[in-house]
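The values are calculated or read from the model by the stated rules, or taken from the named source; none is laboratory data. This structure is a prediction, so every number in the text was calculated from the model and none was measured. Counting neighbours? That spans all protein chains shown, and the Cβs are built from the backbone with ideal geometry, glycine included.
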Amino acid sequence: MAKIFCVANQKGGVGKTTTTVNLAAGLAKVGQRVLMIDLDPQGNATMGSGVDKRKLELTVYDVLLESASLLEARVHSEKCGYDVLGANRELAGAEVELVDVERRERRLKLALADVGEHYDFVLIDCPPSLSMLTLNGLCCAHGVIVPMQCEYFALEGLTDLVNTIKQVHANLNKDLAIIGLLRVMFDPRITLQQQVSDQLKSHFGDKVFNTVIPRNVRLAEAPSYGLPGVVFDPSSKGAQAFVTFAEEMVQRIKAM
């Protein structure tokens, strides 16, 4: 059965989408069957996976409103090697339309029940706010991967996220836990970043992934070409770090 992970952080601009698409591409590269679900109405993870959100006939919106199955709505990204359940602006309307429906926070979980044997990993790119969309992701996930920059405000955002996860764990999903914290956009030359990194390791211990994703121009350039950095420039330091992270994820799951 597939292991389902949300990539989440309530702070914006911390590299959630970059982490999701590059981890998906990295896992595909090391032989895993991967489904990437875009739960953000901006559709950046969809576009960053080589899929044009404007041309999608079916999206995660249709799956949440139960007008299409996940198997019908997914598309395969040939360039990236994984399947995509894409999103576009339509998804913003789902927030309003789900307000009065039954099991509104479990729609994605029900949709995923049919496809668990098709994949090894399901990665969900969540929007930065705690919305009904994010709640759908958290309700079906086995765990949360938290990308974060090593700076002071990121620590404050982490506190909010930990509290949210505790609430969802207590009320909606007993399986939910933080799988690990991923240090991203890391520059070892900046003393503060090194200090925050050390603080994270001393406080969270083995919940901090060993892999560190460096600040890397090629990772930043890749989305403008509609590709993850792992596919766009496999030899770049950022791409190599994400493949290493994918291998660490596979090992961590085996040990769970």
Q) Looking at 182, 155, 70, which is the one that is within 30 Å of residue 202 (Cβ to Cβ) and modelled with pLDDT of 95 or more? A) 182
Q) Looking only at region 38-61, which residues are of a type in the set (S, T, N, Q) and part of a loop (DSSP other than H, G, I, E, B)? A) 42, 49, 59
Q) Going through region 118-151 one residue at a time, which ones are modelled with pLDDT of 90 or more, acidic (Asp, Glu) and either under 15 Å from residue 184 (Cα atoms) or not in a strand (DSSP E or B) (or both)? A) 120
Q.
Can you say whether residue 154 is over 30 Å from residue 98 (Cα atoms) and either assigned to a helix (DSSP H, G or I) or in contact with an Asp or Glu (Cβ under 6 Å, 6 or more places away or on another chain) (or both), as far as the supplied structure shows?
A. yes
Q: Residue by residue through region 109-144, note down the ones that are small (Gly, Ala, Ser) and crowded, with 17+ Cβ neighbours inside 10 Å.
A: 111, 131, 137, 141, 143
Q. If you scan region 62-93, which residues turn out to be free of Cβ contacts under 8 Å to residues at least 40 places away in the same chain, crowded, with 16+ Cβ neighbours inside 10 Å and in a helix (DSSP H, G or I)?
A. 62, 73
**Q.** residue 157 vs. criteria within 21 Å of residue 23 (Cα to Cα), of a type outside the set (A, V, I, L, M, F, W, C) and touching a residue at least 60 places away in the same chain (Cβ under 8 Å)
**A.** no
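Look at residue 106 and say whether it is among the basic types (Lys, Arg), surrounded by 15 or more Cβ atoms within 10 Å (Cβ to Cβ) and not in a loop (DSSP other than H, G, I, E, B).
yes
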Q: Give just the number: which of (1) without any contact (Cβ under 8 Å) to a residue 40 or more places away in the chain; (2) within 21 Å of residue 13 (Cβ to Cβ) does residue 238 not satisfy?
A: (1)
